[in-house]
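Here the structure is laid out as structure tokens; the discussion comes afterwards.
The values are calculated or read from the model by the stated rules, or taken from the named source; none is laboratory data. Computed from a predicted model, the values in this text were never measured in an experiment. When we count neighbours, we look across all protein chains shown, and the Cβ atoms used for this are built from the backbone with ideal geometry, even at glycine. Side chains included, ligands, DNA and RNA excluded: accessible areas come from the protein's heavy atoms. Shrake-Rupley method; radii C 1.70, N 1.55, O 1.52, S 1.80 Å.
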Amino acid sequence: MVIQNITSDMVSGFIPPRHINSRKGQNGKVLIVGGSRIYHGAPILASLAALRTGIDLAYAAVPKNIVDAVRAASCDIIVMPLVDQKLTRGAAIKLSKTIPLGVDVAAIGMGLEFTEGLPILLRQLRDMNVRVVLDAGALKPDIVDEVHDTDCILTPHAGEFYRLFKETPPDNLTERAKMVSQMSTKCGATILLKGSTDVISDGTHTLYNTGRVPAMTAGGTGDVLCGVTAGIFAKNRKGIEAASTAAYINKQVGMLAQYDLGLHVIASDMIQYIPKVMKGFDHTSG
């Protein structure tokens, strides 16, 4: 089995150029579905991270009881209230009817409580040709069949990986990569297994992303990664390339934040460093 280390040159080829005459909406639209009374910050972090990758529009569908908090956090986020405090069947049906046209990617899961609404929403997104990133609470075994062969990206840490597949990722990199590749083939999705060394696979290609960043332990850093993944996925619709790029960018962001702030980084600190890292990959066409 061949596993490749993600390099800067590789990432440069995975980020498409921006057309010099592009208009609002043509550089990516992302829908973030997340949040709860306790975790109101999760969709904020994911939305701002997605915007800082260079997309044009970020919609945040959040429970109605945190709408004001999300709106107050940033005027750049377009807030869509869910009718319930969880992604219930009714909330999913209502949201499915109001998803803006032209959304490229939906990132679902960060901080959100689910009932039976997730499969309903996933089917609607599939019908609309919207790519999906699943994170946190959305990573449940019963949703695997819903995303099979849709080029979805799953972003579990080791615990969530076990919840999905009842397998514990080995510490050895080669064995870890082999397991991620096998599970990716099984579920028909790209997997980004987060860790001190990230492993990304679509079952055919497997890559890894090194770089220990001890400052990246604060709550919310996974929400930032999910937002970065969604933003990149809106530009490059190949799951393995988008996920690999996001993993690389996010770790470089953490390293830069740690360089400036030491071991005192919180998730919201990372947002300001995303464009500083991505600026080096900027290029235009036309």
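Please enumerate the residues belonging to the range 237-256 that are open to solvent by less than 20 Å² (accessible area, probe 1.4 Å) and under 13 Å from the mean Cα position of the chain (by Cα). Quick ask: steps written out before the conclusion?
Step one: of the range 237-256, the residues open to solvent by less than 20 Å² (accessible area, probe 1.4 Å) are 239, 242-247, 249-251, 253-254.
Selection gives Gly239, Ala242, Ala243, Ser244, Thr245, Ala246, Ala247, Ile249, Asn250.
Kindly indicate whether Gly102 is surrounded by fewer than 20 Cβ atoms within 10 Å (Cβ to Cβ) and either under 20 Å from the mean Cα position of the chain (by Cα) or of a type in the set (A, V, I, L, M, F, W, C) (or both). Outline the logic, then answer.
Working: surrounded by fewer than 20 Cβ atoms within 10 Å (Cβ to Cβ): yes; either under 20 Å from the mean Cα position of the chain (by Cα) or of a type in the set (A, V, I, L, M, F, W, C) (or both): yes.
Judged against the criteria, Gly102 is a match.
Restricting attention to the range 219-230, does a residue exist that is closer than 24 Å to Pro43 by Cα and either touching a Phe, Trp or Tyr at 6+ places or on another chain (Cβ under 8 Å) or among the basic types (Lys, Arg) (or both)? Talk me through it step by step, then tell me what you get.
Filtering the range 219-230 down to residues closer than 24 Å to Pro43 by Cα leaves 219-230.
Okay, now just the ones that are also either touching a Phe, Trp or Tyr at 6+ places or on another chain (Cβ under 8 Å) or among the basic types (Lys, Arg) (or both), so none.
For the range 219-230, residues closer than 24 Å to Pro43 by Cα and either touching a Phe, Trp or Tyr at 6+ places or on another chain (Cβ under 8 Å) or among the basic types (Lys, Arg) (or both): absent.
Checking the condition closer than 18 Å to Ala136 by Cβ and open to solvent by 10 Å² or more (accessible area, probe 1.4 Å), which residue from Ala218, Ala234 passes?
Values: Ala234 fails: closer than 18 Å to Ala136 by Cβ.
Of the residues listed, the single one that is closer than 18 Å to Ala136 by Cβ and open to solvent by 10 Å² or more (accessible area, probe 1.4 Å) is Ala218.
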Open item on the list: Could you check the range 31-42 and list, in sequence order, the residues that are among the aliphatic types (A, V, I, L, M), out of contact with any strand residue (DSSP E or B) (no Cβ under 6 Å at 6 or more places or on another chain) and open to solvent by less than 20 Å² (accessible area, probe 1.4 Å)?
Closed with: Ala42
Task: Among the residues listed as Leu121, Leu112, the single one being farther than 30 Å from Asn5 by Cβ, modelled with pLDDT under 95 and hydrophobic (A, V, I, L, M, F, W, C) - done: Leu112
- [ ] From (1) open to solvent by 60 Å² or more (accessible area, probe 1.4 Å); (2) part of a helix (DSSP H, G or I), pick out the condition that doesn't hold for Thr204.
- [x] (2)
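Scanning for something within 17 Å of Leu164 (Cβ to Cβ) and at pLDDT 95 or above, does the range 126-133 turn up at least one residue? Walk me through how you get there before you give the answer.
Going through the range 126-133, the residues within 17 Å of Leu164 (Cβ to Cβ) turn out to be 132-133.
Keeping just the survivors that are at pLDDT 95 or above gives 132-133.
Yes, the range 126-133 contains at least one residue that is within 17 Å of Leu164 (Cβ to Cβ) and at pLDDT 95 or above.
Residues of the range 105-118 being without any contact (Cβ under 8 Å) to a residue 60 or more places away in the chain, crowded, with 16+ Cβ neighbours inside 10 Å and not aliphatic (A, V, I, L, M), which ones? Outline the logic, then answer.
Quick first cut of the range 105-118, residues without any contact (Cβ under 8 Å) to a residue 60 or more places away in the chain only: 114-118.
Applying the additional criterion that residues be crowded, with 16+ Cβ neighbours inside 10 Å yields 114, 117-118.
Hits for the range 105-118 are Phe114, Gly117.
Please find, within the range 1-30, the residue that is least open to solvent (accessible area, probe 1.4 Å) out of those that are charged (D, E, K, R) and out of contact with any strand residue (DSSP E or B) (no Cβ under 8 Å at 6 or more places or on another chain). Full working, then the answer.
So in the range 1-30, the residues charged (D, E, K, R) come out as 9, 18, 23-24, 29.
From what's left, out of contact with any strand residue (DSSP E or B) (no Cβ under 8 Å at 6 or more places or on another chain): 9, 23.
Values: Asp9: 130, Arg23: 156 Å².
Among them, the one singled out is Asp9.
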- [ ] Determine whether Glu167 is open to solvent by 30 Å² or more (accessible area, probe 1.4 Å), over 22 Å from Ala242 (Cβ atoms) and either in a loop (DSSP other than H, G, I, E, B) or basic (Lys, Arg) (or both).
- [x] yes
- [ ] Look at Gly25 and say whether it is over 30 Å from Asn209 (Cα atoms) and not in a helix (DSSP H, G or I).
- [x] yes
- [ ] List every residue pair whose Cβ atoms sit under 8 Å apart, with the two residues 6 or more apart in sequence or on different chains, where the first one lies in the range 77-104 and is in contact (Cβ under 8 Å) with a residue 60 or more places away in the chain and the second, anywhere, is surrounded by fewer than 21 Cβ atoms within 10 Å (Cβ to Cβ) and in a helix (DSSP H, G or I).
- [x] Ile99/Gln124
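Considering only residues that are more than 18 Å from Ala50 (Cα to Cα) and assigned to a loop (DSSP other than H, G, I, E, B), look in the range 257-286 and name the one that is most open to solvent (accessible area, probe 1.4 Å).
As a first pass, look at the range 257-286 and keep what is more than 18 Å from Ala50 (Cα to Cα): 258-265, 283-286.
In the following step, the residues that additionally are assigned to a loop (DSSP other than H, G, I, E, B) were identified as 262-265, 283, 286.
On the way: Gly262: 26, Leu263: 119, His264: 138, Val265: 11, His283: 72, Gly286: 82 Å².
My answer is His264.
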- [ ] Any residue in the range 266-286 that's closer than 24 Å to Ser74 by Cβ: show its pairings with residues that are open to solvent by 70 Å² or more (accessible area, probe 1.4 Å) and modelled with pLDDT of 95 or more at Cβ separation under 6 Å, as long as the two are six or more apart or on different chains.
- [x] Ile271/Arg52; Ile274/Arg52; Pro275/Arg52
- [ ] Find the residue count for the range 171-195, including only residues that are open to solvent by 60 Å² or more (accessible area, probe 1.4 Å), in a loop (DSSP other than H, G, I, E, B) and of a type outside the set (Asp, Glu).
- [x] 1
TODO: Inspect all residues belonging to the range 94-107 and state whether any of them is closer than 26 Å to Lys24 by Cα, touching an Asp or Glu at 6+ places or on another chain (Cβ under 7 Å) and not acidic (Asp, Glu).
DONE: yes
